[in-house]
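To start, the structure itself, in structure tokens.
Every read-out reported here was derived from the displayed coordinates using simple, explicitly stated rules and does not represent laboratory data. These numbers were taken from a predicted model, which means no experiment stands behind them. No Cβ is skipped: glycine too gets one built from the backbone with ideal geometry, and neighbour counts run over all protein chains shown.
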Amino acid sequence: MDSIIAVRDLTLNLGGDRILDDMTLDLWPGHVHAVVGPNGAGKSTLASCIMGLPGYRGYEGRILFEGRDMADMGVDERAHLGITMAWQEPARFEGLSVRKFVLCGSPRDDEETAAEALELVGLSPDTYLERAVDDTLSGGERKRIELASILTMQPKLVMMDEPDSGIDVEALRRIFEAMRELRAKGATVLLITHSVTVLEQADHAFLMCCGRILEKGETEEIKKFFGEKCLPCDHQNRPEEGGR
Ligand SMILES: Nc1ncnc2c1ncn2[C@@H]1O[C@H](COP(=O)(O)OP(=O)(O)O)[C@@H](O)[C@H]1O
Ligand SMILES: [Mg+2]
């Protein structure tokens, strides 16, 4: 099997610090992967490099998408290839209706598509379609609406940065369901997390600390390492949920 994303010797310096240090990893098509590690390990930075965000394109090494080096591609071009990202703090598009937001990257532009996606993330279309995307929505609602918009894009790669942050158990259950739906449709998923609950959703995992990959393997195996193994550094590398 060929990887959908191949990261090769990825190194990134920002503000005089080495944030990513010679990272090599593969993501396999249709699988769910997790990058797990303590705060400040460089997880979000890795996702930003794969997404090609401004400020994160000056890396050394290579990031290949389906065998193609993306060095010259900006974020729009990468999005066009089917690379998407659900942010830890969802972006705000004040004033836009939920319906417009959910369909903004969709190849199909009809109400049914928007309604289906909302239902998948557990939000009633009758209640939400005509609401505005603004701060009257809770953090959990915004995260779910963002994921609904990703569902309609039919992406090839979905990166989800700390999908459990700031949301309740029910919202997280819906987010996991939507993630499984994405995978069922053939998408590759990359979960970025410091939570064991999120890690457990993955087929494969990478343990990351201080900008480096320390271990890679099956989720169960990586779970054992998480909380035990970290480079000598200041991180309190402890899983949140009671020392599992
Ligand atoms: N644009 C930037 N400029 C300087 N330092 C940055 C920048 N982005 C991230 N960092 C630093 O990189 C390190 C890793 O950050 P991040 O990738 O957000 O970690 P994580 O997502 O694992 O918590 C942190 O020390 C952070 O301060
Ligand atoms: Mg982060």
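The GluC sites (Glu not before Pro) of the stretch 1-97 that meet both conditions, a loop assignment by DSSP and at most 16 other Cβ atoms within 10 Å of the site Cβ, are 66, 94.
Only Cα pairs within less than 10 Å get springs; with that Gaussian network setup on the chain, which residue of 30, 15, 139 has the largest fluctuation? Highest fluctuation among the options: 15. Close amide-amide hydrogen proximity is noted between residue 214 and 207, 208, 209, each under 5 Å apart and 5 or more residues distant or on a separate chain (H modeled in the peptide plane; Pro and chain starts excluded). Along the axis of the charge dipole computed for the chain (Cβ charges of +1 for Lys and Arg, -1 for Asp and Glu, origin at the Cα centre), the listed residues 55, 182, 225 are led at the positive end by 225.
Go ahead and set up a Gaussian network model of the chain, Cα springs under 10 Å, then flag whichever of 183, 144, 131 fluctuates most. Checking each option, the largest mean-square fluctuation is seen for 131. Angle of helix 169-184 to the longest C-alpha principal axis of the chain, folded into 0 to 90 degrees and rounded to 10: 80°. Taking amide H as placed 1.01 Å from N in the peptide plane, residue 85 has its amide H under 5 Å from the amide H of 159, each at least 5 places away in sequence or on another chain. Counted residue by residue at 0.36 nm each, then reduced by the alpha carbon distance between them, the extension gain from residue 184 to residue 154 reaches 9.7 nm. For the chain, the antiparallel share of DSSP beta bridges with both residues in that region comes to about 55%.
Compared with the alpha-carbon gap, the fully stretched path from residue 212 to residue 14 is longer by 69.8 nm at 0.36 nm per residue.
If R0 is 25 Å, the Cβ-Cβ spacing of residue 138 and residue 104 corresponds to a FRET efficiency of close to 0.75. Restricting attention to the chain, the count of lysine pairs at 8 or more positions apart or across chains with alpha carbons under 26 Å apart stands at 18.
Within the stretch 1-72, list the trypsin sites (Lys or Arg not before Pro) lying in a DSSP loop whose Cβ has at most 13 other Cβ atoms in a 10 Å radius. Counting only loop positions with at most 13 other Cβ atoms within 10 Å, none of the trypsin sites (Lys or Arg not before Pro) in the stretch 1-72 qualifies. Compared with the rule-of-thumb size 2.2 N^0.38 Å for a compact globular protein, the chain has a Cα radius of gyration ratio of 0.99.
Under a Gaussian network description of the chain, with springs only between Cα atoms under 10 Å, the residue in 209, 104, 49 that fluctuates furthest is 104.
Plainly put, the stretch 55-148 has a radius of gyration that is 1.06 times its Kirkwood radius, both from alpha-carbon atoms, as the Rg/Rh ratio. Residues of the stretch 89-123 with amide nitrogen under 19 Å from the 7 Å Cα-to-Cβ point of residue 53? From the stretch 89-123, the list is 89-94. For the stretch 210-216, backbone phi angles converted through the Karplus equation (6.51, -1.76, 1.60; θ = phi - 60°) give residue-by-residue couplings of 6, x, 10, 8, 8, 8, 9 Hz, Gly and Pro being listed as x. Relative to the longest principal axis of the Cα atoms of the chain, the long axis of helix 139-153 makes an angle of roughly 90 degrees. Computing FRET efficiency as 1/(1 + (r/R0)^6) for residue 197 and residue 1, where r is the C-beta to C-beta distance and R0 is 35 Å, gives about 0.80.
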